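To start, the structure under review is shown below, and the notes come after it.
Read-outs: derived from the displayed coordinates by stated rules, not from any lab. Just so we're clear, the structure is a prediction, and the values are computed from it rather than from any experiment. Glycine also receives a Cβ, built like all others from the backbone with ideal geometry; neighbour counts cover every protein chain displayed.
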Amino acid sequence: MRMIAASTLFLFSLLCAATTFATDFAWETFDFPDADSTFLYGIENEQMVGWYRETGGEGATSDNGFLYDSSIEGSPWSTLNFPLGSDTHLHAINDGNVVGSFVDGDGKRQGVSYNLDSQQWTPYDGAINGVQASDLFDVDGDKMVGYSVGLNGAKQGSYYDGTQWSTLNYPGQAAGQENSFFHGINQEHIIGSYIDNSGSSPVEHGIVYDTETLSWHQLDNPDAELTYLYEVEGAYLVGAYTDSTGLHGFHYDSVMEAWQTIDHPQGGTHTALHGIDGNNMVGFYRDSNNNFHGFKVTGEFGQTEVVPEPAALLLALFGLALLPRRRRR
């Protein structure tokens with residue numbers, strides 16, 4: 001892949017470099033008013049999306065999508081639900097387009113998009129042949145990704161290239177037993193995960209797919225038991241991984257091939273990072289009462305201080321020239 005090839009050359013040029021991470025982070029908590037739990041997924045400039053859970057009569061719970069717009073003074077929160085279904089989840093926002101899912105009348109989750117300007121919803125329950133359920137997790141211009149559940153129950157990555165839908169699976173999975181999920185897209189790179197059932201217990205691995213070269217790459221946090229890739233912006237990826245102590249958020253710099261664990265100070269054993277926009281990342285953590293809270297963390301994520309050997313300086317500059325340009329989310 002272009003991203004991986006560039007990072008390999010750049011990494012080779014800095015073999016003798018000293019690398020440090022920035023650690024001065026600013027944290028903000030975002031809880032939808034009066035909600036039991038808030039799940040923050042996507043961010044672009046002053047707008048963020050996600051969903052919240054509230055408890056009604058007799059302990060019944062309902063999920064509702066939301067938009068948070070910091071440019072609206074006094075009332076930045078607004079509920080955003082698909083009108084013909086229930087339990088709306090919103091996952092990403094790009095150029096005024098929001099994607100997520102809802103539960104239909106048959107109790108099945110289906111992908112949906114919403115345009116903030118036209119205020120129009122578009123469901124995708126019948127967009128892919130042979131699909132009984134679906135979910136959308138990211139949008140980049142006219143492209144979208146997520147996953148679908150086939151009539152046989154197999155889960156497959158879903159990709160809309162601006163013209164048509166296709167389903168894609170990480171290679172080597174048995175037919176009818178696929179478990180591939182797409183969570184993020186940036187230009188020609190799609191990221192997500194797949195479940196490997198070949199061992200004694202299932203293991204989830206991070207994956208990167210290049211839509212131009214049609215090539216796959218497995219990408220796992222070296223300290224992880226399970227790796228989940230959720231969002232990509234240029235050379236940077238965010239997600240979560242599990243180890244013996246719980247779930248941890250991370251930032252990955254594909255140029256330096258460097259992983260950085262980023263856990264909320266009050267997150268205990270559960271922090272997940274789902275969105276990235278420049279120096280801002282968003283996600284959610286679980287507190288000691290098992291309630292979830294959305295957060296935004298700001299800082300120089302993954303920005304490294306490098307001191308290359310003199311002989312490596314020219315190669316480093318050449319490697320930088322090959323790096324992909326970051327898009328503005």
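Full extension from ASN197 to GLU28: what is 0.36 nm times the residue separation minus their Cα-Cα distance, to one decimal in nm? Walk me through the intermediate numbers first.
Working: separation 169, 0.36 × 169 = 60.84 nm, distance 3.84 nm.
Between ASN197 and GLU28, full extension yields 57.0 nm more.
In what sequence do VAL232, VAL255 fall when counting other Cβ within 10 Å, fewest first?
Taking fewest neighbouring Cβ atoms as first place, the list is VAL255, VAL232.
State the Cα centre-to-centre distance between the range 218-241 and the range 61-86 in whole Å.
Result: 28 Å between the Cα centres.
Where does each of LYS155, LYS143, LYS108 land when they are ranked from fewest to most other beta-carbon atoms within 10 angstrom? Walk me through the numbers on the way to the answer.
Values: LYS155 22, LYS143 19, LYS108 16.
Least to most surrounded, the residues fall as LYS108, LYS143, LYS155.
Could you list LEU116, LEU168 so that the one with the fewest beta carbons within 10 Å of its beta carbon is first and the one with the most is last?
On the way: LEU116 16, LEU168 21.
Ascending number of Cβ neighbours within 10 Å: LEU116, LEU168.
First select every other residue whose beta carbon is under 10 angstrom from the beta carbon of GLU225; then total the charges, Lys and Arg +1, Asp and Glu -1.
Working: positive: none; negative: GLU204, ASP220, ASP223, ASP243.
With Lys, Arg at +1 and Asp, Glu at -1, the net is -4.
Quick one: if you stick a label point 7 Å off each Cα along the C-beta vector at GLN120 and LYS108, how many nm between them?
2.5
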